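Asker: Here it is, the structure, as structure tokens.
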Amino acid sequence: MLPWKLYESRADVMIKETCFGVMVSGEREVVDLLLSNVRKLDPYGIFIKERGFAPGEPYRCRATRRGGARPGFHNLETEDKILPHIASALKSLDRGEIPGQKKQKKKLDIDKFKEIIKGTEVQQ
């Protein structure tokens, strides 16, 4: 749905669909306006990240590096997995839900640890 909305806008931008979403390139003002309008469709589910390198950059381009995953691909893969959690947290914050303080676990007392070790030695 998102790529179609971008295409329908007929904005003077270049749109490229990828396995992780859509890349939009063009004049900053045009891209910013387009993305702010499209983001209204799903404010918690559309995430925007600026590209670090221009398309065709030799350092990033697989053709010049003889294939393989692009640098940063595995980071994108990891980020993609946590985005639903971030979306859920943003929704909760907008509803006014404040997360409670996380309980701090006490460190194991050294004497108790020694007892545990002695107990396992006897059982073996």
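Asker: Within the stretch 20-36, whose backbone N sits under 15 Å from a point 7 Å along Cα→Cβ of ASP12?
Answerer: Under cut-off, by backbone N: 25-34.
Asker: Using a 1.4 angstrom probe on the protein heavy atoms only, line up PHE20, PHE113 by accessible area, largest first. All intermediate terms of the calculation are to be shown ahead of the outcome.
Answerer: On the way: PHE20 70, PHE113 95 Å².
These residues rank, largest area first, as PHE113, PHE20.
Asker: On average, how much accessible surface per residue is there in the chain, in Å², for a 1.4 Å probe, leaving out ligands, DNA and RNA? Write down the numbers at each step before the final one.
Answerer: Numbers: 10900 Å² over 124 residues.
That works out to 88 Å² per residue.
Asker: Continuing with the same structure: Can you send over the carbon and sulfur percentage of the accessible area for the chain, probe radius 1.4 Å, protein chains only?
Answerer: Details: 5980 of 10900 Å².
Carbon plus sulfur share of accessible area: 55 percent.
Asker: If amide H atoms are built 1.01 Å from N in the plane of the peptide, which residues on other chains or at least 5 residues away come under 5 Å of the amide H of GLY21?
Answerer: Sorted by chain and number, the residues that satisfy this come to none at all.
Asker: Taking 19 Å as the cut-off for C-alpha to C-alpha distance, list the pairs among LYS49/LYS81; LYS5/LYS40; LYS16/LYS49; LYS49/LYS102 that go past it. Don't skip to the end; give the middle numbers.
Answerer: Details: LYS49/LYS81 15 Å; LYS5/LYS40 12 Å; LYS16/LYS49 14 Å; LYS49/LYS102 30 Å.
Flagged as over cut-off: LYS49/LYS102.
Asker: So which aspartates and glutamates can LYS112 reach, going by Cα to Cα under 19 Å and dropping same-chain residues fewer than 8 places off?
Answerer: GLU121
Asker: Next question, about the same structure. What FRET efficiency would be calculated for the residue pair TRP4, ILE98, taking the C-beta separation as r and a Förster radius of 30 Å, to the nearest 0.05?
Answerer: Values: r = 37 Å, r/R0 = 1.25.
About 0.20, to the nearest 0.05.
Asker: Same structure again: Straight distance only, please: which lysines reach the Cα of LYS118 with their own Cα at less than 22 Å, same-chain residues fewer than 8 apart left out?
Answerer: Reachable lysines: LYS106, LYS107.
Asker: Show that you can apply the helix-only estimate: for the chain, add -39,500 (n - 2.57) for every DSSP H stretch of four or more residues, divide by all residues, and state [θ] at 222 nm to the nearest 500. Can you show the working numbers first?
Answerer: Working: 4 runs with 55 residues, N = 124.
Helices in the chain give a 222 nm mean residue ellipticity of -14000 deg cm²/dmol.
Asker: When you take every Cα atom in the chain, what is the radius of gyration, and what is Dmax, the widest Cα pair distance, in Å?
Answerer: 23.9, 76
The values are calculated or read from the model by the stated rules, or taken from the named source; none is laboratory data. Predicted model, so just to flag it, every value in this text is computed and none were measured. Backbone-built Cβ (ideal geometry, glycine too); neighbour counts: all protein chains shown. For accessibility, only protein heavy atoms count, side chains too; no ligands or nucleic acids. Shrake-Rupley method; radii C 1.70, N 1.55, O 1.52, S 1.80 Å.
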